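Only one structure is covered here, and it is reproduced in the block below.
The values are calculated or read from the model by the stated rules, or taken from the named source; none is laboratory data. All values derive from a computational prediction rather than experimental measurement. Neighbour counts run over all protein chains shown; Cβ positions are idealised from the backbone, glycine included. To get the accessible areas, we keep the full protein, side chains included, count just its heavy atoms, and leave off ligands, DNA and RNA. Shrake-Rupley method; radii C 1.70, N 1.55, O 1.52, S 1.80 Å.
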Amino acid sequence: MIGPVFAALLAAAAPTDTTLDNGLRVILIPHRANPMIASAVVVGAGVVHEDRRTGGSSHLLEHLLFNGTTTRTQKQFYDAVDRIGAYNNATTREDHTLFTLLVASRHAEEGLGLQADMLFRSTIPAESFEKERKIVLEELAADRRDPAYGRGEAMRASVYAGAPLERPVLGTEASLASITRESVLAYYRARYVPGNMTLVVMGDFDTPAMLDAVRRTFGAAKRGRMPAGTAGRWPARDEDNVETAPCPPEEEESVDAAFPVEIDPWDRTALAIEILLAAAGEGEDAPLAAALSARGIDGAAALTLARRIRPWSTIEFQSSVGSGSREASLDAMAETIRATRRGGAARARLDRAVAKARADAAIARDQIHYFALVRGDRVLGSPRGSLAGEAELLRALGPEDWDAAADRLEQGLARTRALIRTARGAAGRSAWRPRELERAPGPAEAPLRAGTLENGLRYVVRRSDDSDVVAMHVAFAPRAGAEAPGLDGITDLLHRVLVRGTLVHPAPALQESVDRLGARVRAFDDPTVPFDDYYTTPEYSWIRLEVASDAWRDALALVGEMVRFPELTDDALRRARAEMLPLAERRLGSPREVAAARLDALLAPGHPLTRPPGGLPETLRAVTLEALRERHRTLSTGRGTVVSLVGPIDADEGVLAIRAAFGAMPAGEESPARPPVPAPAAGASADVDVGAPQGFLALGMLLEVPDSERAALSVAVAALSDRLTFELRETRGLAYSVGASLKPWGDRSRFEIAMGTRPENLATAEAGMREVLARLHRSPPAPDEIARVVQALRGRALMRRMTRISLAYEAGMEALRGKAPGAERRALDALDGVRAEDVESVIGRRLDGERLARVVVR
């Protein structure tokens with residue numbers, strides 16, 4: 001029986017879903033893990049609401065709302081955000097715009113007030129309009145460097161022709177040129193009204209007090225008139241529903257297809273469709289992989305639900321054709337859809353797909369800074385309680401839901417449109433219809449422990465009861481320094497093989513075991529996945545695990561099995577190399593990547609830290625199976641491994657589990673001393689031409705920074721970064737992204753200023769960067785600016801500690817670098833003691849613009 005006190009606590013922590021008098025819907029979800037709150041506002045403003053002639057208005061307006069209000073200039077607004085250490089950002093999607101503010105709980109009402117001020121009282125100043133248009137053009141130029149963006153543009157224009165979705169979120173050069181300030185103001189006044197918004201607040205708060213704060217801030221806005229719904233409707237079904245078009249020679253042949261499912265994005269059938277598609281399409285043993293293989297198609301493929309406001313949700317299919325038949329990909333898609341029927345092969349895989357969905361839902365709830373971002377497509381118009389009740393809905397799904405979802409999928413197949421991009425054959429149109437196929441066959445506890453195992457493995461285990469997620473971070477060091485000459489990237493290759501199969505669980509049984517546990521295991525960064533916060537460094541390689549607490553022991557043991565007993569075969573090596581080669585080729589044409597590599601070479605020529613952790617095409621091709629086995633022998637050793645574990649577990653139990661999984665690894669040889677980073681020549685320079693639509697500029701130098709100066713120098717660099725952003729982006733519109741950074745690099749610290757801009761702006765941008773640095777010397781930060789910067793640094797640092805995997809990563813890095821547990825938190829506390837004279841001193845002694853190495857990529 002639940003006592004009255006506990007019942008009261010449960011009621012206080014329950015989500016609240018209400019509507020204010022002015023029409024604003026408010027969803028409050030308490031989450032006590034950290035003293036932070038995330039405030040997300042979803043606005044019904046996206047491509048599907050825009051006028052055809054002014055495509056990109058929603059995204060341009062998102063930018064303009066950061067340029068000042070009736071109560072604050074842009075500078076005053078940015079300073080106010082920094083003064084409370086908040087993170088304030090936004091993103092535009094096809095059917096909504098999302099504004100996110102993350103701030104410490106003690107500043108919650110101030111943050112809500114700033115967010116409401118921006119959303120309801122922006123002035124869209126005339127002097128900022130052209131500047132923001134230029135910034136969006138820079139963003140568009142940066143996106144077009146990625147071949148995936150061009151493929152996406154072509155796909156939208158073909159399969160969504162005649163519907164609002166054919167237009168890109170950013171707009172085009174032509175549509176952006178036609179947008180006027182008057183049209184944007186009219187759009188703003190029409191759509192940014194409380195009734196067209198939903199506010200989601202998640203984090204550490206008392207619900208009645210938070211609701212009062214929301215009423216005082218967001219509740220002060222006038223009701224306004226509700227705007228019209230979405231623009232347009234789905235066009236009639238095409239007879240010739242397949243377009244064939246040439247693809248650029250540097251891109252692989254592909255098939256992109258879509259069909260509508262007119263369903264509300266928050267509907268339980270939408271969730272059932274999403275899970276059915278995961279069961280049908282994810283994994284090497286999935287029906288989609290089998291259908292493609294049976295037709296001789298060996299390229300990557302995906303089949304997903306794109307949730308959007310009714311009637312714009314779609315099923316999207318992407319396939320890289322490889323050597324197989326292009327048209328047969330569509331037959332494979334249809335066969336996979338039919339595998340979701342009752343008795344189909346996808347139904348036999350539902351348990352693992354549901355387990356993964358449950359784990360994803362639990363992890364999403366742990367990530368309050370991303371929760372609304374990844375769930376924003378199902379907020380507007382949803383029933384009360386649906387956003388916070390995903391776990392309950394998952395438990396409630398049954399046979400009738402799967403049947404309803406499969407019926408909707410099959411009904412939609414007849415409305416498929418497809419784009420085939422090929423280097424062979426003539427452009428034109430043809431007809432494709434799904435053929436009827438045979439059904440597939442059915443089937444008293446210490447909070448922290450830190451120490452070293454007998455084999456030299458270092459570990460940290462921390463109990464954290466604020467979440468149901470257990471996270472583990474495994475670091476292997478050194479990385480680039482342990483790779484044989486001419487085999488750059490072999491460690492990344494090995495990591496891709498580790499998570500594919502083991503001697504105990506060969507592929508694809510390993511993935512099935514991971515899915516059944518509902519675990520998320522990652523061992524390398526996927527640059528196509530946004531918001532994942534993964535990282536690639538020449539210093540160390542890593543494996544990350546996140547799993548619900550009821551399965552943590554089995555999941556940890558499985559990771560230990562991956563590390564100790566991987567299935568090292570020619571086929572596994574071939575598959576991993578096929579994944580990495582396109583990425584390596586792409587980096588060679590990326591201005592940002594080229595600039596970073598050349599700056600490395602200027603700062604520390606020949607040092608292991610300058611070697612590309614992702615490898616080069618020629619070094620990846622040089623890796624043999626024997627070399628891969630030798631690299632595994634040197635990586636899977638106790639002395640080279642650091643394991644950190646965080647979650648609602650007993651710390652001693654965590655140590656025992658680590659010992660069971662990793663304790664039998666050989667100790668290995670002592671890691672050789674890392675060579676010191678040489679002092680580079682002052683003012684070294686390099687110019688590179690890659691012929692990209694956007695250039696990149698990087699200035700940097702290496703610094704000897706004693707611990708006594710680190711806090712002051714961090715504040716100085718952060719202040720410089722703010723000034724660079726305000727001068728070069730916000731005032732002059734020269735870049736979408738610009739800033740300064742300071743990070744550890746070997747036995748030194750690396751200071752860097754970087755920005756991407758169009759080639760014609762490079763000279764102006766470099767002069768501007770140097771002038772802002774010079775002004776920092778002439779006018780160092782005053783106490784008020786320092787206080788604002790310190791709060792901003794503190795806010796960003798707290799954001800990085802919000803999830804269990806972030807805490808595990810931090811603990812692992814402390815152990816890897818020989819620091820005591822909690823060192824990073826103590827370094828953060830040291831920021832409060834930074835004085836103006838300390839900052840002025842380190843600027844004068846450390847940030848010498850004449851010593852900066854320079855790389856310009858055109």
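The table for this structure:
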read-out: Of the criteria (1) within 30 Å of His607 (Cβ to Cβ); (2) touching a Gly at 6+ places or on another chain (Cβ under 8 Å), which one Pro508 fails; value: (1)
read-out: Residue list for the range 175-217, filter: closer than 20 Å to Val42 by Cα, part of a loop (DSSP other than H, G, I, E, B) and of a type in the set (Phe, Trp, Tyr); value: Tyr192
read-out: Tally of residues being among the small types (Gly, Ala, Ser) and open to solvent by 30 Å² or more (accessible area, probe 1.4 Å) across the range 723-747; value: 2
read-out: Selection count where residues are crowded, with 18+ Cβ neighbours inside 10 Å and assigned to a helix (DSSP H, G or I), scope the range 160-174; value: 3
read-out: All positions within the range 460-483 that are of a type outside the set (D, E, K, R) and surrounded by fewer than 24 Cβ atoms within 10 Å (Cβ to Cβ); value: Ser464, Ala475, Phe476, Ala477, Pro478, Ala480, Gly481, Ala482
read-out: Residues (part of a helix (DSSP H, G or I) and open to solvent by 20 Å² or more (accessible area, probe 1.4 Å)) located in the range 218-265; value: Gly219, Ala220
read-out: Matching residues, the range 748-804, being of a type in the set (Gly, Ala, Ser) and either open to solvent by 10 Å² or more (accessible area, probe 1.4 Å) or in a helix (DSSP H, G or I) (or both); value: Ala754, Ala763, Ala765, Ala767, Gly768, Ala774, Ser779, Ala782, Ala787, Ala792, Gly795, Ala797
read-out: Cross-chain or 6+ apart pairs with Cβ under 6 Å, the range 144-155 first and more than 14 Å from Glu252 (Cβ to Cβ), then open to solvent by 40 Å² or more (accessible area, probe 1.4 Å) and assigned to a loop (DSSP other than H, G, I, E, B); value: Arg144/Pro693
read-out: Residues within the range 379-403 that are assigned to a helix (DSSP H, G or I) and open to solvent by 40 Å² or more (accessible area, probe 1.4 Å), tallied; value: 7
read-out: Scan of the range 266-297 for residues that are open to solvent by less than 20 Å² (accessible area, probe 1.4 Å), in a loop (DSSP other than H, G, I, E, B) and at pLDDT 90 or above, ordered by number; value: Ala286
read-out: Residue among Gly844, Gly812 that is over 30 Å from Ala364 (Cα atoms), open to solvent by less than 60 Å² (accessible area, probe 1.4 Å) and part of a helix (DSSP H, G or I); value: Gly844
read-out: Residues that are open to solvent by 20 Å² or more (accessible area, probe 1.4 Å) and in contact with an Asp or Glu (Cβ under 9 Å, 6 or more places away or on another chain), drawn from the range 712-722; value: Asp722
read-out: Any hit, the range 416-427, residues being open to solvent by 80 Å² or more (accessible area, probe 1.4 Å) and modelled with pLDDT of 90 or more; value: no
read-out: Residue among Ala209, Ala157, Ala177, Ala186 that alone is in contact with a strand residue (DSSP E or B) (Cβ under 9 Å, 6 or more places away or on another chain) and open to solvent by 40 Å² or more (accessible area, probe 1.4 Å); value: Ala157
read-out: Residue pairs meeting the criteria (Cβ under 6 Å; at least 6 apart or on separate chains; first surrounded by fewer than 17 Cβ atoms within 10 Å (Cβ to Cβ), in the range 73-97; second assigned to a strand (DSSP E or B) and among the β-branched types (Val, Ile, Thr)); value: Asn89/Thr100
read-out: Among the candidates Ala692, Ala735, Ala711, residue that is of a type outside the set (Phe, Trp, Tyr) and either farther than 18 Å from Arg858 by Cα or at pLDDT 95 or above (or both); value: Ala711
read-out: Residues being over 24 Å from Gly232 (Cβ atoms) and either aliphatic (A, V, I, L, M) or more than 26 Å from the chain's Cα centre (by Cα) (or both) - total across the range 125-168; value: 12
read-out: Condition met for Thr54 (open to solvent by less than 20 Å² (accessible area, probe 1.4 Å) and of a type in the set (S, T, N, Q)); value: no
